[in-house]
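*Asks:* After the C-alpha cells below, expect a handful of questions from me.
Values in this text are rule-based calculations from the coordinates and carry no lab data. Note that the coordinates shown come from a computational prediction; the quantities given were computed from them, not determined experimentally. Quick reminder, even Gly has a Cβ in these numbers, built from the backbone with ideal geometry, and neighbours come from all protein chains shown.
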Amino acid sequence: MRTLAVMTAGGDAPGMNPCIRAVVRTALNYEMKVLGVVGGFDGLIRGNFTPLGARDVGGILQRGGTILQTARSKTFLEPFAQQEALRQLNAAGVDALVVIGGGGSQRGALALHQRGVPVVGVPASIDNDIYGTDICIGVDTALNTIVDAIDKLRDTASSHNRAFLVETMGHESGYLALQAGIISGAELVLIPEIETSVEAVAQAIQDAYRRGKTHAIIVAAEGARPSVAQLASQIDEMEVGFTMRVTILGHIQRGGKPSAFDRLLASRLGTRAVELLREGRRGVMVGLSGREVVAVDLADVASRKRELPMEYYQMAITLAR
Ligand code: F6P
C-alpha cells in the first residue's frame, strides 16, 4: 500500500482535525504518500485531492471543524457518482481510503468498499447515533458545549423565575439531550425515543415550581415531539408558575476546540484505521468498545441501529427531584 487518501464527510464534528492528523502521520510513519480529499464525497467525485505532509497537519490538533472541508452529498447516492469517485481514486493512484464522518458517510464508505476500494471508516458525529461504537468523535466536546450553555441559562432562569426549553441537536437520536440533561441537572428530558405530551411537560414544570425551585430546565432533542416551539406556545397559556423561554443551541454544538477526550479518541481511531488497512482489513469501521478500539463490518454499521441506553432515562428522572 503506497498511497492513502483521507477524507471527512457529512456534518463536521470537533475532533475531525486530530483524526486527520493521526491518519496522515501514521501513514507517513509507514512511508506512504497521503492525499487529502477536499470537500467530502462531492470533492471525491470531482477528484479534488491535495497532498498532505507532516507539516500540513501541524497546529490542527486543537482546531474544531475540518481542514479538508466537508459536505452533505446527495449526488454520491447515485451509482454513476460512485463510479466516478472510483475512477478518480484510480486516476490519483490511491490504494486505500479512510472516511471520517457520521452514519451517512459510513454508508458512503460501504458503497466504495462494495466497488472494490480498500476502505476503513472512522465514526465522527456529535449525534452518537452510529452502530458499532460506544462513542463517536465530537460527542464529548458537544456535550461540554451544551452543559456550559445550560449552566449559563440556569443563572438567568433562576434570577427571573423562568422555565427554559433548551433544544439540542441529535438528528433522530436522544443521546445528546439525555446525557446533557443528566449532567446539567435538567428537570425533564424530551427525546424522540419516548413519547410525551404537552400536558406532561407542563406538569413537570409546575411540579418543579411547587417544590420551590427557582427555575426549570427542560432539555429537548431536536427530534423530540412536540417541538420546543409547540410546547412553549401552548404551555405559555397554562398556569405553571414559571414564565417560558426557548433556546435553540443549534450549530454552536458542532464548533469549538476538541476536548481532551475527543483529541485522544480521534488520535486512537485515526491511527488504528491506518494500521487496519496495512494489516489487509477492508470494509470495516473502527470504534470504541469499553476502553478498546475495535473493528466492525461496515455492512453492520450501515444496517443496524444504535440503541439508546435507556437506563439513563430513568436516571435523569430520579436525579431531577
Ligand atoms: O448530524 C449532525 C447534525 O449536527 C445533526 O445533529 C443535525 O440534525 C444536523 O447535523 C444539522 O445539519 P446541517 O449542518 O446540514 O444543518
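*Asks:* Indicate, rounded to the nearest 5 percent, the antiparallel portion of the DSSP beta bridges found entirely in the chain.
*Replies:* Bridges in the chain are about 20 percent antiparallel.
*Asks:* Pop a pseudo-label 7 angstrom from the Cα along the beta-carbon direction at both Glu239 and Gln314 and give the gap in nm to one decimal.
*Replies:* With each label point 7 Å from Cα toward Cβ, the separation is 3.6 nm.
*Asks:* Suppose the chain between Ala299 and Tyr30 were pulled fully straight at 0.36 nm per residue; how much longer would it get relative to their current alpha carbon spacing?
*Replies:* Using 0.36 nm per residue and subtracting the Cα-Cα distance, I get 94.0 nm.
*Asks:* Something else: What net charge is computed for the residues neighbouring Cys19, neighbours being all others with C-beta under 13 Å from the C-beta of Cys19, Lys and Arg scored +1, Asp and Glu -1?
*Replies:* Net of charged neighbours comes to +4.
*Asks:* Looking only at segment 1-121, where both bridge partners belong to it, what percent of the DSSP beta bridges are antiparallel (to the nearest 5)?
*Replies:* Of all bridge pairs located within segment 1-121, approximately 20 percent are antiparallel.
*Asks:* Amide H neighbours of Ile248 under 5 Å, at least 5 residues apart or on other chains, H built in the peptide plane: list them.
*Replies:* The list, which skips near neighbours in sequence, is Glu167.
*Asks:* Provide the gained length on full extension for the span Asp95 to Asp155, in nm with one decimal, where the gain is 0.36 nm per separating residue minus the Cα-Cα distance.
*Replies:* Taking Asp95 through Asp155 to full extension adds about 16.2 nm, to one decimal.
*Asks:* With label points built 7 Å along Cα→Cβ from the Cα atoms of Arg210 and Val198, find their separation and express it in nm.
*Replies:* Between Arg210 and Val198, the simple spin-label model gives 2.1 nm.
*Asks:* Could I ask something else about it? Neighbour counts of other C-beta atoms within 10 Å: give me Lys305, Lys257, Lys213 arranged from fewest to most.
*Replies:* Lys305, Lys257, Lys213
*Asks:* What residue among Glu311, Glu167, Glu199 has the largest mean-square fluctuation in a Gaussian network model of the chain, using Cα springs under 10 Å?
*Replies:* Taking springs between Cα atoms under 10 Å, the residue moving most is Glu311.
*Asks:* If you don't mind, another one. Among Ala200, Ala224, Ala149, which one shows the biggest mean-square fluctuation in a GNM of the chain, springs joining Cα atoms closer than 10 Å?
*Replies:* Fluctuation is largest for Ala200.
*Asks:* Note down the nm distance, to one decimal, between modelled labels 7 Å out along Cα→Cβ at His251 and at Lys74.
*Replies:* Reported label-point gap for His251 and Lys74 is 1.8 nm.
*Asks:* Could you state the angle between the C-alpha long axis of helix 260-278 and the longest principal axis of the C-alpha atoms of the chain, as a value from 0 to 90 degrees rounded to the nearest 10?
*Replies:* Its long axis makes an angle of about 30 degrees.
*Asks:* So if I take the centroid of the Cα atoms in segment 62-138 and the same for segment 248-317, what is the distance between those two points in Å?
*Replies:* What the calculation gives is 14 Å, centre to centre.
*Asks:* Next up: Among the lysines, which fall within straight-line cross-link reach of Lys305, defined as a Cα-Cα distance under 24 Å, with same-chain neighbours fewer than 8 residues apart omitted?
*Replies:* Counting by Cα, and skipping residues close in sequence, Lys305 has these lysines nearby: Lys74.
*Asks:* How about Lys152: which lysines have a C-alpha closer than 21 Å to its C-alpha, ignoring those fewer than 8 places off in the same chain?
*Replies:* Lys213, Lys257
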